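Below is one structure, written out as structure tokens; the observations come after it.
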């Protein structure tokens, strides 16, 4: 069983749509839940993260973690063409910076 | 503040050769991690170094090795290259503040023919 499973996409939505990106993980020891965004030909960059369970909101982005079901979600409201990228979930134990990355969901927001 | 710098950005090798990739972390970052990214497997953890010591290692064969120098710069080496080693190799450094955020370079794209 993989440590992290992520809906592979690709996902194509019209501008202004609400986007839901999801991952499941297997290790209950994970405490940090990161979301990275990767544009084409670039390295990933941290979008936002949550610690333990709950929600965290940052502008149009909301990260949600349900530790009981080991489910991670990222919601994007009012999606923009500039949001077109690959989104990677990355839960981890934090110690020694070893994170497990999902395979990524490629999102395309059409104008 | 300069970001993470990886060299070379692109390289082509043939099977059986070896390759060395270099990473310069953000100034003040002492932790450097390496990841392999492929379309089929996504991002997979190779190893992590802190103060010249390897603290963690992923599930890769011994052909993959790395090291870190006293100035925190890191190198990774792949010996006896195989076709399946073709990938984007990403280096990431992290802050001593311990938030867990990884700052990635743009990667070194290796093609093995």
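Okay, here's what the table says:
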item: Test for residue A:52: is it more than 14 Å from chain B (Cβ to nearest Cβ), within 18 Å of residue A:100 (Cβ to Cβ) and at pLDDT below 90; result: no
item: Pair list, Cβ < 8 Å and 6+ apart or interchain, from region B:1-13 residues that are in a strand (DSSP E or B) to residues that are exposed (fewer than 12 other Cβ atoms within 10 Å of the Cβ); result: B:12/B:113; B:13/B:113
item: Residues located in region B:48-74, provided they are touching a helix residue (DSSP H, G or I) at 6+ places or on another chain (Cβ under 9 Å) and at pLDDT below 95; result: B:48, B:50, B:55, B:56
item: Residue among B:80, B:20, B:5 that alone is surrounded by fewer than 21 Cβ atoms within 10 Å (Cβ to Cβ), farther than 23 Å from residue A:88 by Cα, touching a strand residue (DSSP E or B) at 6+ places or on another chain (Cβ under 6 Å) and modelled with pLDDT of 95 or more; result: B:20
item: Region B:88-102, residues that are in contact with a strand residue (DSSP E or B) (Cβ under 7 Å, 6 or more places away or on another chain), farther than 20 Å from residue B:10 by Cα and more than 7 Å from chain A (Cβ to nearest Cβ); result: B:93
item: Test: residue in region B:32-47 that is at pLDDT 95 or above and more than 14 Å from every other protein chain (Cβ to nearest Cβ); result: no
item: Residue, farthest from the other protein chains (Cβ to nearest Cβ), within region B:48-66, restricted to residues that are touching a strand residue (DSSP E or B) at 6+ places or on another chain (Cβ under 9 Å) and exposed (fewer than 14 other Cβ atoms within 10 Å of the Cβ); result: B:63
item: Region A:1-34, residues that are in a loop (DSSP other than H, G, I, E, B) and at pLDDT 95 or above; result: A:15, A:16, A:17, A:18
item: Pick from region B:94-113, criterion outside any loop (DSSP other than H, G, I, E, B) and modelled with pLDDT under 95, ranking: farthest from residue A:43 (Cα to Cα); result: B:94
item: Strands (runs of 3 or more DSSP E) within region A:35-111 that include 1 or more residues touching a residue at least 24 places away in the same chain (Cβ under 8 Å) and over 10 Å from the mean Cα position of the chain (by Cα); result: A:61-66, A:71-76, A:85-92, A:105-110
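For every residue, the table says whether it meets (1) touching a residue at least 12 places away in the same chain (Cβ under 8 Å); (2) assigned to a strand (DSSP E or B); (3) touching a helix residue (DSSP H, G or I) at 6+ places or on another chain (Cβ under 8 Å).
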position: B:23; (1), (2), (3): yes, yes, no
position: B:40; (1), (2), (3): no, no, no
position: B:45; (1), (2), (3): yes, yes, no
position: B:76; (1), (2), (3): yes, yes, no
position: B:80; (1), (2), (3): yes, no, no
position: B:91; (1), (2), (3): yes, yes, no
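The values are calculated or read from the model by the stated rules, or taken from the named source; none is laboratory data. From a predicted model like this one, the values you see are computed outputs, not experimental measurements. Heads up, the Cβs are rebuilt from the backbone with ideal geometry, glycines too, and the neighbour counts pull from every protein chain shown.
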